[in-house]
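Read-outs: derived from the displayed coordinates by stated rules, not from any lab. This structure is a prediction, so every number in the text was calculated from the model and none was measured. Glycine also receives a Cβ, built like all others from the backbone with ideal geometry; neighbour counts cover every protein chain displayed.
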Amino acid sequence: MFAIIARIFVIGAGVFLPIACASVPVTSLPKLAALDPTTMDASQVEVAVRAPDDYDLPEDAATLVLSVWQEEGDKTREELFHLVPVPDAPTRFLNKRAKAGFMIHRLHIHPKDAPRMDDFRAHVLSLKETSGQKRLSISVTTRPCLKHGISPFKDPRIAIYLRPEQDEDYFTLVKERKISIEMPDGDVRYCAAD
């Protein structure tokens, strides 16, 4: 049996800021618990990030990290996948979460990472028959950049949504939370000039 743990991080300028469990809505907990790593095709997983219009998510600014831990031998295997934009129109769920002054970025695992994802899934399936406890951990990280000409003194409010399969809709993974964009050296991460 697998226990599912969701760890969600919003990175403002490279520093991990764990978001409190209270940021995961109670209504989303059953959906997280229902994720079955032995049947889930993580290549179908999509993430959506709602961020203020003053911020952008450049390439490699969002990642999905999957890790599986098994009690026997205290072993962990982790895979990090950089997320790329999904070109399709927003879903009904995401349209309902649209807000003036915000943009929703739809993301998924790059198709070139499919073999690595298949290998990870095969590893998870191989653990089904092993004894002892197992845990699957899902982490989402975002690292927004500030557009030029925008005041760096207002921290963004970010919400994260998860879509486990294409025939399902998103659910809220992290309620809207304010994050700091200040880097450890005190600078702000600006988007690259066009």
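Listing for the model above:
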read-out: Point-to-point label distance, Glu78-Met103, nm (Cα→Cβ direction, 7 Å offset); value: 3.0
read-out: DSSP-assigned coil residues among trypsin sites (Lys or Arg not before Pro) in segment 101-143, each with at most 12 further Cβ atoms within 10 Å; value: Lys128
read-out: Aspartates and glutamates whose Cα lies under 17 Å from that of Lys31, excluding same-chain neighbours fewer than 8 positions away; value: Asp41, Glu46, Glu165, Asp167, Glu168, Asp169
read-out: Length released on extending from His110 to Phe153, taking residue separation times 0.36 nm less the Cα-Cα span; value: 12.1 nm
read-out: 27 Å Cα-Cα threshold exceeded, pairs from Lys128/Lys175; Lys147/Lys175; Lys147/Lys178; Lys112/Lys147; value: Lys128/Lys175; Lys112/Lys147
read-out: For peptides 166-173, 82-89, sequence by mean Cβ density within 10 Å, most packed first; value: 166-173, 82-89
read-out: Full-stretch length increase - Asp119, Arg92 - with 0.36 nm per residue and alpha-carbon distance subtracted; value: 6.5 nm
read-out: Sites Ala193 and Ala34 - FRET efficiency at Förster radius 45 Å, r taken between beta-carbons, to 0.05; value: 0.55
read-out: Nearby aspartates and glutamates by direct alpha-carbon distance to Lys154 (threshold 16 angstrom, same-chain neighbours under 8 apart not counted); value: Asp53, Asp54, Asp56, Glu176, Glu182, Asp187
read-out: Ellipsoid semi-axes in whole angstrom, largest first, where each is sqrt(5λ) of the Cα gyration tensor of segment 20-171; value: 30, 16, 16
